[in-house]
Amino acid sequence: MASGLSASSWSLSVSEFRQKRLTLKDKRLVVGVAVFNTSSRLLLLQRSASEDAYPLMFEIPGGHVEDDDESITQAIGRELKEETGLTLKRIAEEFEGFEYETSKGVTAQLNFVAELEEDDLNVTINPEEHRAIAWVSEAEIDGYPMTDAMRVVVASAFRCQAREGLQVDGKEEP
């Protein structure tokens, strides 16, 4: 786990979570959600051409933690549903995050591997935010344009998946 905090900390209120993680106290929070299918392929979304930041780049699903989110878990579930139409069953593990600075200040992206409620992976994207989806193997990631920071996130997600044997339905692979 990237933070050294227990999984129960993901269910704390956002303000309590910030208190436990003092390095996040004054930063905007974003969550990234790694979703693997039963073939150990990772879901990537391609940003729309009209996006101000990183148009047409691929990324894992995710978004901002909102002030009215009850917990990090709730923010992950909300963002996953908004960006993909998929339903969070549980957070399997936290993995390597990163920070970046914009005109709005410093943002910390926390990344998690998600297990889903459904076995059917019919992803529905919002065309204002994303233009395509891809299920990619680790060997294929170099063929997808993404930021250097996202490449690190994707590589870390694959390491986490390989270590834990995680897949979409939460069952371990043989």
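Results, tabulated for the structure shown:
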quantity	calculated
Odd one out for ILE91, checked against (1) surrounded by fewer than 20 Cβ atoms within 10 Å (Cβ to Cβ); (2) touching a strand residue (DSSP E or B) at 6+ places or on another chain (Cβ under 6 Å); (3) among the aliphatic types (A, V, I, L, M); (4) more than 23 Å from ARG159 (Cα to Cα)	(4)
All positions within region 129-172 that are out of contact with any Phe, Trp or Tyr (no Cβ under 9 Å at 6 or more places or on another chain) and modelled with pLDDT under 90	ALA162, ARG163, GLU164, GLY165, ASP169, GLY170, LYS171, GLU172
Sole residue being surrounded by fewer than 16 Cβ atoms within 10 Å (Cβ to Cβ), in contact (Cβ under 8 Å) with a residue 60 or more places away in the chain and polar (S, T, N, Q), chosen from THR73, THR38	THR38
Region 28-60, subset touching a His at 6+ places or on another chain (Cβ under 9 Å) and part of a loop (DSSP other than H, G, I, E, B), residue farthest from SER15 (Cα to Cα)	SER48
Only one of LEU116, LEU110 that is of a type in the set (A, V, I, L, M, F, W, C) and at pLDDT 90 or above	LEU110
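The values are calculated or read from the model by the stated rules, or taken from the named source; none is laboratory data. Everything numeric here is computed off the predicted structure, so don't read it as measured data. Note: ideal-geometry Cβ built from the backbone for every residue, glycine included; neighbour counts use all protein chains shown.
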